[in-house]
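Just below is one structure, and these are the notes that go with it.
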Amino acid sequence: MSISTDRSPESTLAFRREGYRFIGDHCDRHGSDIFQTRLLLQPTICLRGRPAAELFYDPARFVRHGALPALGRLTLTGVGGVQGLDDAAHRARKAMLMSIMTPAAVRHLGRLFDDEWRARVPAWAESGPVVLHDEVGRMLTRAVCAWAGVPLGGTQVVRRTADLHAMIEAPVAVGPRYWRGLIGRRRAEHWAGDLIERVRHGALPAPEGSALRVIAKHRDGQGRLLPRRIAAVELLNIIRPTVAVDRFVVFAALALHDHPSWRERLRGDERAIEGFGHEVRRYYPLFPAAAARVRHSFEWQGHHFPEGRRVLLGLYATNHHPRLWPEPERFRPERFTDWPGDAFSLLPQGGGDYFTGHRCAGEWLTIELLKRAVTNLTGTMSYRVPPQDLALDLGRMPTLPGSGFVIDGVRRIE
Ligand code: HEM
């Protein structure tokens, strides 16, 4: 059976225009969870849904080498990092990254973020309106650098956060947004590479088990240290996405604003807070899709996947699949009460296995940070949300409310 194919000879502009909705809407139009289109001048198979996720996360079927478009590699992920590795090289690099994510380390980052938050509340109470995205971004930069063993002078915080934000904003942008991402990455890699060298030469002490130390001292199967630039890319693979959690924090604040009854329901209830966080990650858009290439030709559900073909798994489209998530366009944290967990249906950070596949290395950290943020938004402070542009443009990737979520009248609750 041939795969239902878009009529347009090239869909890159449609993908940019339709953004997060592209894969889901095209699936609906084709009446199928699989269709083929042309993106960036290449035939591309797009998928959504649980069986598709199971297929996509089978490492025997797909490789990641050369899957991510160059625009994304040059800004968001960097070149030579874990995202583009396969097989034994991937497993070894991933094991290094996952060794940092112990339960104690996850709690430690949560506490550092909490301390940052509580320390900022009095300043917010004194000041006028504050932009939550900017504030939380800087708090996360400070917290993750302290956690990772990375020294960061007070004067560096704004500049480093701006570079990290620029990298996150860039991968599907054109024009100045893209250039800012390139420049941000160049500066950040230089900074991270310098830190790696200083640790290797004993000029900078890095605590045992910290991300900086683990990455600087990591040796590959042949006993070689990672090249400076690649070690820098991996250190940024920890710092950059942790700062990106500021987007989920803004979405959580938006959800609390749009569904105020949840404030009371969450207060002091850790399990409800975790479920609320899962619904924030399901409902709101961050990564639209994950990319891979077919390792060797195969047939799946009667469809032919030719060797080398680029395949996109719609993460947002799966998170909004009506068969997986009844009333997917409604924000309903109740759906996660007693949720047994499933590696192939809730995909904000990819699916499958953390160690043998490409599922996000930082998902446990993200869940912890989001819980801390929701606890603070509902339990340790009160605030007003003045009139502002809170609309989410699903045609912009990544998207945020235009205002960055402004709050004022902040008061500490004891
Ligand atoms: C804002 C929250 C985050 C989102 C939405 C997110 C999303 C993702 C997605 C979609 C992937 C790719 C999955 C795939 O290719 O199949 C990924 C991979 C990855 N993420 Fe995250 N992530 C987040 C936070 C984090 C954090 C906090 C860290 C580390 C501290 C992290 C580190 C990584 C790494 C290292 C990979 C590559 C894994 C691999 O290729 O094996 N992410 N993430």
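So the values come out like this:
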read-out: Residues Val79 and Gln222, FRET efficiency given R0 of 25 Å [Cβ-Cβ distance, rounded to 0.05]; value: 0.75
read-out: Length added when fully stretched, Asp87-Thr5, from 0.36 nm per residue minus Cα-Cα; value: 26.4 nm
read-out: Linear extension gain, Asp25 paired with Asp353, 0.36 nm per residue minus alpha-carbon span; value: 115.3 nm
read-out: Inter-probe distance in nm under a simple model that places probes 7 Å from Cα toward Cβ, at Asp389 and Ser127; value: 2.1
read-out: 222 nm mean residue ellipticity, helices alone, for the chain (DSSP H n ≥ 4; -39,500 (n - 2.57); rounded to 500); value: -14500 deg cm²/dmol
read-out: Estimated distance in nm for a label pair at Glu18 and His190, the labels positioned 7 Å out from Cα along Cα-to-Cβ; value: 4.2
read-out: Neighbour-count ranking [beta-carbon atoms within 10 angstrom, fewest first] of Glu334, Glu329; value: Glu329, Glu334
read-out: Trypsin sites (Lys or Arg not before Pro) lying in DSSP loop within region 305-414, provided at most 13 other Cβ fall within 10 Å; value: Arg323, Arg330
read-out: Relative exposure of Phe15, Phe113, Phe355, judged by other C-beta atoms within 10 Å (fewest first); value: Phe355, Phe15, Phe113
read-out: DSSP-defined antiparallel bridges as percent of all bridges, region 12-412, nearest 5; value: 80
read-out: For region 12-412: relative contact order, % (alpha-carbon pairs under 8 angstrom, 6 or more apart); value: 27
read-out: Calculated FRET efficiency for the pair Ala162/Glu334, C-beta based, R₀ 35 Å, to 0.05; value: 0.35
read-out: Nitroxide proxy distance, nm - points 7 Å out along Cα→Cβ at Arg267 and Arg61; value: 4.8
read-out: Span-like helix ranges in the chain, DSSP H, alpha carbon extent 30 angstrom or more, Kyte mean at least -1.0; value: 103-126, 228-258
read-out: Ordering of 363-369, 374-380, 247-253 by packing [mean C-beta count within 10 Å, highest first]; value: 247-253, 363-369, 374-380
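Every read-out reported here was derived from the displayed coordinates using simple, explicitly stated rules and does not represent laboratory data. Nothing here was measured: the structure is a model prediction, and the numbers come from that model. Using ideal geometry, Cβ is built from the backbone for each residue, glycine included, and neighbour counts are taken over all protein chains shown.
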